[in-house]
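Input: a single structure, listed below in structure tokens.
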Amino acid sequence: MGMSNAERQRKFRENRNKDLVKREAYLNKEKERYQKEKRTGKKKSVKDMTEREKRSARKKWRTAKHKERSAKKTLLKLMTPPNTPESSPNLQPGPSRQKVQSVKKRNRDQAKCYRDNKILEDKLAKQKRKIQMYKQRYLREKRKGANFDKPCPDTPRTKTKKLLRNFSQKEVKTSLSRRICRPVREFYERNDVSRLSTGVKQTVTFKKIKKQRRILLDTLQNIHLKFLAESNTKVSYSTFCRLRPFWVVFPNESDRSTCLCKLCENTKYIANALKKSNIIETDELEKIIDGLTCDQDTYLLKRRCMFGTCEVCKNNRISYDTSKGNDEVEFSQWTSMIEKRLVKEEEKNITLTVKEPMEMSASDLVNKFEDELVRFKKHVFTIRAQYGYFKNRKQSLKKDECLLHIDFSENYVCKMSEEIQSMHFGASKKQLSLHTGVYYVSNYQKTFCTVSENLQHGPAGIWAHLKPILKRIKQESPGVTSLKYSVMDQQPTGHGKGIPDAVGGALKRHADTEVKFGKDITNADIFLDCMSNSESVGYLVSDRDIQKNKSYYKQHS
């Protein structure tokens, strides 16, 4: 096998060094080359180097020296024979782990004590210098003949200090933030600003306070503009962002909206397509509606504007760029379509909801947008009116009135702390129907949940779930003679998340926590037992109660 280049060079150097004449000639040649490089400036002495070159050269020297020392140590270790171990029959155990830890802790405490003493000594020396300085000033003024017994005359600065001595600017700022904080936070929790997440695990905790997450429906810039337009309180954008509650969060990928309104989404898609083609100036539907309607506060006047019967604003139009009327514009729409599928070897028509990409000329899309805006304005007015009505009803409740907000929560699937595999299939797991809500009386409010193993959500089931709640209201507030109610089915599609959803999520989460710690929840009685520590009141609705109501309705229908 041939030699490598390194081996050839090593052999050449060995042969050269054996011959003294050749070695002497080689050394003289190297000296001449070194002197020549110094004269030409290729090699510099340390005094001729710049600071940067010095650092680079010293770094190379350190690396080379480190390699040399490491090689020497390795060679010495290889050449030195191992020591014969000494016999030590009486081995003593080392110190215990506790003793080592105590020594370390003592050393840390001593070091901290020394540091603290050093800081205190510096502070003391500084104060002594100040005392000496003021003492010398006093003596100098005294030698000049100053009379310190005579009070100094008031100057404008001292008068101002006396007036402001008992006032603090911080207190003013605190009172201002308290006055602004409440309406801003209430605005953030409105259902048209943020939607309530109903998942069992969708919570956020801050300073040991756990809250159900609310997902923002728009950017903070747009929400801030909406707040300024609707409220008399003027708040800067930075303060508005700072006052955002910690449970009102920005949406992420896992917060996909799956209960959106079809009309709102289709109108938004058209506006986005027109804005992308530079046919309209903005794609923010709130701004578009505000530009088409009057600035009216009363319900009747605003209704005329939104329904297109106002004499002042019914002829208002959006400004479009008509130069692109023949251009093709791409957009998407949620549509329903019928598809034929084989189900058990039979062909059946199935209705599907799909997000269909479309293409249309700009002029036709503008006409479609105008038609959609007519429906969209009525839709937005309905949403705002219902939210406003519900808010006003809560704030203006009389002593003889009660407001009830109810909804069916998603059925709870019974769980056990330990389950075999086959229990996950079929109908092995029982489901519970949860009817959640909150009732408001003039001086208090209370959340509730009625539980039943009957999963019917029809009129008979609703009335059976409401009976125990109405009896409780009558017992707690005998003076209540009028009942107002709000049912989630009456809310506009995709705009109805509220307190009932939060109650259902909180109770399911509490039940799942009990299961984690070994409790089996297999029926409605055990679920109600888990609610005993909750602030919400719970009642059991039996299958007999629902069937009794059902038979009553059949007899009187």
Might you check whether a residue that is among the aromatic types (Phe, Trp, Tyr) and either touching a residue at least 60 places away in the same chain (Cβ under 8 Å) or in a helix (DSSP H, G or I) (or both) occurs anywhere in the range 242-250?
no
Between a first residue in the range 390-410 that is farther than 8 Å from residue 442 by Cα and a second residue that is of a type in the set (D, E, K, R) and at pLDDT 85 or above, which pairs have beta carbons less than 8 Å apart while being 6 or more apart in sequence or on different chains?
409/508
Could you look through the range 325-376, keep only residues that are among the aromatic types (Phe, Trp, Tyr) and part of a strand (DSSP E or B), and pick out the one that is surrounded by the most Cβ atoms within 10 Å (Cβ to Cβ)?
331
In the range 525-550, what residues are modelled with pLDDT of 85 or more and among the small types (Gly, Ala, Ser)?
538, 542
Considering the range 211-230, residues that are assigned to a helix (DSSP H, G or I) and hydrophobic (A, V, I, L, M, F, W, C), and then whichever is surrounded by the most Cβ atoms within 10 Å (Cβ to Cβ), we arrive at 223
Residue pairs qualifying under the 8 Å Cβ cut-off, at least six apart or on distinct chains, with the first in the range 48-65 being charged (D, E, K, R) and the second being exposed (fewer than 10 other Cβ atoms within 10 Å of the Cβ) and assigned to a helix (DSSP H, G or I), are 54/46
Is there a residue in the range 434-443 that is surrounded by fewer than 18 Cβ atoms within 10 Å (Cβ to Cβ) and out of contact with any helix residue (DSSP H, G or I) (no Cβ under 6 Å at 6 or more places or on another chain)?
yes
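Among the residues of the range 37-74, count how many are assigned to a helix (DSSP H, G or I) and either in contact with a Phe, Trp or Tyr (Cβ under 8 Å, 6 or more places away or on another chain) or at pLDDT below 90 (or both).
So the answer is 7.
The values are calculated or read from the model by the stated rules, or taken from the named source; none is laboratory data. These figures come from a predicted structure and were not determined experimentally. When we count neighbours, we look across all protein chains shown, and the Cβ atoms used for this are built from the backbone with ideal geometry, even at glycine.
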